[in-house]
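Colleague: There's a structure below that I have some questions on.
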Amino acid sequence: MEKITSKVRVREILEQAKLGWKQQGPDALLIAIQVGLVKKKVSFPLLEYAAKEIAMWIPENEQTVFTDALSATDEMGSYVIAGMILQLQLPIHLEQSIQKACGYMIKGDQWYVCDIIGERVLGHALLTFPEKTIPLLEQLTKDSNKWVVRSVGVATHYAVKKGLAPKFAEAMFKLMLSLSGSTDFHIKKGIGWGAKTIAKFHPTIIARHMDRIESLETKQWFRTKITIGLNWNKAATSL
């Protein structure tokens, strides 16, 4: 498998893709991106760069059609590009982008699809538009699909790691607590990831909710994640 490691090479591929799109339409663009980038060994940052470039010249009303077709190829790189394009649409189409992201996660039906899309769309939405996004994520915790629920924890991990304000981190921790009784493996992984990250960066939030954490309704797996996060905090502050 060819490995692409430079923006120069990515730009060359994108120029050919753009030319094909102008001359032959969206099918030619999809093939060019799939063959030129998605089926090659390309780092996530370079794929994100490609997505930003593509979004600059595909009209907004055509971008979702492109991400739908690209994600349908079910290649790992396709979800990085699709997720990044959805992220760019968040300032204008927040709710629609999150709904579309959930659709991709459900169709992808794999943990890495959930995590790739969850960080880039839901996580970025939480970080940049927390007041609007938190109520949407609260709704997602009640979804019947395990990947959608898992993505709430993924989003929390991303946003807290990137500097989500404490008051919003606490709101998300309450959501993590509401799912602390879950028995599904994938939900536990995602929610545990989010809770562990909050414990690492905001131990005072954990202290305020210790009674609930230690209650019988909270499963041991959740308490273990909290302990790991608190230990990471202690290790970091002792340096």
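The values are calculated or read from the model by the stated rules, or taken from the named source; none is laboratory data. None of the values given here were measured: they were computed from a predicted structure. Cβ placement follows ideal geometry from the backbone for every residue including glycine, while neighbour counts extend to all protein chains displayed. For the accessible areas, the whole protein counts, side chains as well, though only heavy atoms, and no ligand, DNA or RNA atoms are used. Shrake-Rupley method; radii C 1.70, N 1.55, O 1.52, S 1.80 Å.
Colleague: In the stretch 219-239, what residues are under 20 Å from residue 176 (Cβ atoms) and open to solvent by less than 70 Å² (accessible area, probe 1.4 Å)?
Modeller: Hits for the stretch 219-239 are 221, 222, 223, 224, 225, 226, 228, 229, 230, 233.
Colleague: Got a sec? Which of 81, 58 is in contact (Cβ under 8 Å) with a residue 12 or more places away in the chain, under 22 Å from residue 8 (Cβ atoms) and crowded, with 24+ Cβ neighbours inside 10 Å?
Modeller: After applying the criteria, what remains is 81.
Colleague: Is the stretch 22-41 home to any residue that is hydrophobic (A, V, I, L, M, F, W, C), open to solvent by less than 70 Å² (accessible area, probe 1.4 Å) and within 20 Å of the chain's Cα centre (by Cα)?
Modeller: Yes, the conditions are met somewhere in the stretch 22-41.
Colleague: Could you list all residues from the stretch 15-39 that are of a type outside the set (Lys, Arg) and over 20 Å from residue 74 (Cα atoms)?
Modeller: The answer is 15, 16, 19, 20, 21, 23, 24, 25.
Colleague: Only one residue in 156, 67 is open to solvent by less than 10 Å² (accessible area, probe 1.4 Å), in a helix (DSSP H, G or I) and over 18 Å from residue 182 (Cβ atoms). Which one?
Modeller: Result: 67 is the single residue among 156, 67 that is open to solvent by less than 10 Å² (accessible area, probe 1.4 Å), in a helix (DSSP H, G or I) and over 18 Å from residue 182 (Cβ atoms).
Colleague: Now, a different point. Name the residues in the stretch 172-201 that are in a loop (DSSP other than H, G, I, E, B) and surrounded by fewer than 20 Cβ atoms within 10 Å (Cβ to Cβ), would you?
Modeller: 181, 183, 184
Colleague: Just to be sure before I move on: is residue 163 open to solvent by less than 20 Å² (accessible area, probe 1.4 Å), over 20 Å from residue 82 (Cα atoms) and within 17 Å of the chain's Cα centre (by Cα) in the structure I sent?
Modeller: For residue 163, the condition - open to solvent by less than 20 Å² (accessible area, probe 1.4 Å), over 20 Å from residue 82 (Cα atoms) and within 17 Å of the chain's Cα centre (by Cα) - is not met.
Colleague: Determine whether residue 123 is open to solvent by 50 Å² or more (accessible area, probe 1.4 Å) and small (Gly, Ala, Ser).
Modeller: Considered against the rule, which asks whether it is open to solvent by 50 Å² or more (accessible area, probe 1.4 Å) and small (Gly, Ala, Ser), residue 123 comes out as no.
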